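Enquirer: Quick one: this structure, given as structure tokens, is what I'll be asking you about.
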Amino acid sequence: MPSSKGMASSDKELTKTSKGSCMKTKNRAICIVTFFLIFTSWVPAQEPVPFADDSRPIEAFDTVFMEEMTWLEVRDALKSGKTTVIVSSGGIEQNGPYLVTGKHNVVLRATTEAIARKLGNALVAPIIALVPEGDHEPPTGHMRYPGTFSARKETYRNILVDVCTSLKVHGFENIILICDSKGNVEGMEEVAKTLGDRWAGSKTGIFYIPEYYDYPGLTQWLETQGIKQVPEGIHDDFGISAMMMTVDPLTVRMEQRQAKGLFHINGVDMNPPEKTIEMGRKAVNWRADITVKAIRERLNGK
């Protein structure tokens with residue numbers, strides 16, 4: 001049987017151990033609280049947006065292109081019900097000896113504006129010009145020609161995802177995807193499917209509209225207008241040139257070609273330019289009507 005002296009000694013050791021454990025527990029709690037305070041003070045708070053509720057100091061500019069708008073004009077357009085946005089992609093590639101490398105972007109400048117204005121409740125996001133145009137090493141496709149810029153397929157898809165996600169954050173409810181070049185189609189279809197699944201149940205929908213990209217259909221329509229072409233084997237045709245001229249005749253080098261007697265394509269004379277521009281406007285409207293019809297059908301069925 002242990003002596004009272006031994007018991008007293010044991011009690012002292014137990015008390016000492018208990019106090020040590022208590023101190024460790026207390027210190028641990030203090031460390032946790034200190035870390036929490038430091039962490040929460042480090043994480044930036046969501047600050048209010050400066051001037052978010054300010055009224056516009058000037059009248060809004062009449063445009064559907066977001067890059068031409070102030071952020072206040074975009075904000076007010078959204079509030080007024082313009083919650084549909086068109087995201088388009090073109091490219092920078094070789095287009096024969098007469099057309100600028102940004103051919104598809106020039107065409108989209110005309111068609112996206114027509115589509116947005118016909119819809120009546122839409123804006124146009126900046127045209128995506130950096131798209132797949134061929135491999136870099138060794139160069140394939142359009143990359144064999146100087147002046148072409150090619151994005152890797154994953155880069156193109158990521159750009160689309162980031163652009164569309166930005167628009168969702170800002171409150172757009174219908175994101176419409178269209179492209180003016182064949183190499184863009186696959187990526188757009190994939191992104192529309194991926195984001196559509198990811199955003200299921202949210203107020204934002206995303207829709208790829210294949211009806212827009214139909215150049216064989218455009219050629220057939222031109223024939224109904226009396227424009228019959230004989231392909232010359234260069235990356236150019238009358239329909240594209242005419243649509244580009246509605247934006248800027250310089251993009252098809254009109255004056256330089258006139259000076260050399262070369263203002264024609266695929267057996268079709270483009271003189272007088274006023275007549276070609278008028279046909280270009282009709283072609284733009286034809287494409288816009290088809291696309292708007294497809295968009296409305298898709299939105300009604302969503």
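None of the figures in this text is laboratory data; all of them are computed from the coordinates on show. Because the structure is predicted, anything quoted here is derived from the model rather than measured. Cβ placement follows ideal geometry from the backbone for every residue including glycine, while neighbour counts extend to all protein chains displayed.
Enquirer: Give, in nm to one decimal, the length gained when the segment between D53 and V169 is fully stretched (0.36 nm per residue of separation minus the Cα-Cα distance). Let's see the in-between values first.
Expert: Details: separation 116, 0.36 × 116 = 41.76 nm, distance 1.78 nm.
My answer for the length gained is 40.0 nm.
Enquirer: Distance check, please: which entries in K79/K275; K193/K228; K168/K275; K193/K293; K82/K275 exceed 31 angstrom between their Cα atoms?
Expert: Pairs exceeding 31 Å: K79/K275; K193/K228; K168/K275; K82/K275.
Enquirer: Moving on. What nm value, rounded to one decimal, do you get for the distance between V161 and Q229 when each label is placed 7 Å out toward the C-beta?
Expert: 3.6 nm
Enquirer: Can you work out the Karplus-derived ³J(HN,Hα) for every residue in the range 61-66? Use 6.51 cos²θ - 1.76 cosθ + 1.60 with θ = phi - 60°, whole Hz, and x for glycine or proline.
Expert: 7, 7, 8, 9, 8, 4
Enquirer: Quick one: work out the % antiparallel among DSSP beta bridges in the range 66-300, nearest 5.
Expert: Just about 20 percent of them are antiparallel.
Enquirer: Hey, another quick one. By counting other Cβ atoms within 10 Å of each Cβ, how are R287, R298 ranked from fewest to most?
Expert: Placing the least packed residue first, the sequence is R298, R287.
Enquirer: Now, a different point. What is the range 66-300 by shape, rounded, prolate or oblate, if you read a ≥ b ≥ c off the alpha carbon gyration tensor as root eigenvalues and call it rounded for a/c under 1.5, prolate for a/b larger than b/c, and oblate otherwise? List each step's numbers first, then the result.
Expert: Working: a/c = 2.00, a/b = 1.48, b/c = 1.35.
Prolate.
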